[in-house]
Amino acid sequence: MDAELREFAIDLDAPLETAAGTMERREGVLLRVSEVAAAGVGEATPLPGWTESLETCRDRLDAAADRLNDDDPAAALEAVDGSPAARHAVHLALADLRARQDAVPLYRYLGSVGRVERVPVNATIGVGSPDEVAAAAEGAVEQGFRCLKLKVGSDTVAEDAERVAAVRDALPRGVALRADANGAWDRERASEAFRAFADSGVEYVEQPLAPDDLDGHAALRRDAVGVGVALDESLRTASVDEIVETGAADVIVLKPMVLGGLDRARRAALRARRVGVTPIVTTTVDAVVARTAAVHLAASIPGIDPCGLATADRLATDLTPDPAPVESGDIAIPQDDGLGTAGPWDGGADA
């Protein structure tokens, strides 16, 4: 095997507010692994507060590359254990390589038993006045989206409820509506919001409480009528088994970069499915390699619900043209061997 590393940096289209501060660019490392006239590419794009630091990620990938150059992929994965972004890159590069050698798309290599053409995705509606969010929702529906996620939690529950009602009134029958609070509420406010959102047909609220409050989420589920609970940030520290044991979620949101690879994310998805919890796949505002990998992961999960994969427009540039664009509320799955990305090693932002 021959392993190479290349760092990259990509500006965001607009600054993004996160729990760790304002993010204006995404920095990461590409790993290329070649063997017998084939090559696979993986991406590590650490996210502050979610994964290891970029410095730690670089160090771990250097160690993994040495082991790959010694033809020891198992040792390479051991070298990045405990560093989820680095492990994501190593596992993805190896999976892309093997899928190309097997002449199958990555989603088939991951375990899909048949051809998958498309995966449904949701549109995200940001904070604004009731009229503004209603107009944004109407625009998303005109583009073909059949599932919308509305950001809530930054204002009072009454203001959030007014916006949610405005969006629901603007939507035609059959369009699903979700909300995402990013852990902004305490238990009292969350209960109030769930009661207010029920009349608007909100499918579920993502991360209503603090990530470590599994018991609080379980209580919300017991008391809520018609509104489900989805956990996202909680997956940073809690396992699917812990979430299931506490009864904390109807839905789990899986970020492969945070979980340490497509293999771990897929196992979590299948484990959740077996116990009646719905898996959703999303990204951490990744570049095209990791984003396309998440699309393949979603395609490998039978009957996946709309996922949070329509994130390419958050980037000002990218490493290559997008092989999996959003079309009428779906993402078309690349059917070429492996990932289906074209030449991310040869160009891109700050190459």
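A short reminder: the numbers here are calculations on the coordinates, not readings from a lab. Computed from a prediction, not measured in an experiment: that's the story for all the values here. Glycine also receives a Cβ, built like all others from the backbone with ideal geometry; neighbour counts cover every protein chain displayed.
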When Rg is the radius of gyration of the Cα atoms in the range 1-125 and Rh is its Kirkwood radius, what does Rg/Rh come to?
1.02
Spin-label model distance (nm) - residue 332 vs residue 62, 7 Å beyond Cα toward Cβ
4.3
Compute the long axis of helix 130-142 from its Cα atoms, compare it with the longest principal axis of the Cα atoms of the chain, and write down the angle in degrees, 0 to 90, nearest 10.
50
Report, to the nearest 10°, how far helix 54-69 tilts away from the longest principal axis of the Cα atoms in the chain, using its own Cα long axis and a range of 0 to 90°.
40
Inter-centroid distance (Cα atoms) of the range 120-171 relative to the range 210-267, Å:
23
Compute the FRET efficiency between residue 236 and residue 186 as 1/(1 + (r/R0)^6), taking r as their Cβ-Cβ distance and R0 = 22 Å, and round to the nearest 0.05.
0.65
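Tell me, what is the percent relative contact order of the range 2-103, built from C-alpha pairs under 8 Å that lie six or more residues apart? It would help to have the intermediate numbers written out before the result.
On the way: 194 pairs, mean separation 29.4, N = 102.
Dividing the mean separation by the residue count of the range 2-103 yields 29 percent.
If R0 is 25 Å, what FRET efficiency do you get for residue 2 and residue 317 from their C-beta distance, rounded to 0.05? Don't jump to the answer; show the numbers that get you there.
Numbers: r = 28 Å, r/R0 = 1.11.
Once the sixth-power term is evaluated, E becomes 0.35.
Provide the packing ranking of 299-306, 110-117, 44-51, i.e. peptides ordered by the mean count of other C-beta atoms within 10 Å per residue, highest first.
Highest mean packing first, the order is 44-51, 299-306, 110-117.
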How far is helix 187-198 tilted off the main Cα axis of the chain, in degrees rounded to 10, range 0 to 90?
80
Binned at 10 Å from zero, the C-alpha pair distances of the chain give percents of 6, 25, 34, 24, 9, 2, 0
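For the chain, what is the relative contact order in percent, using Cα pairs closer than 8 Å and at least 6 residues apart in sequence?
Working: 789 pairs, mean separation 70.1, N = 351.
Relative CO of the chain lands at 20 percent.
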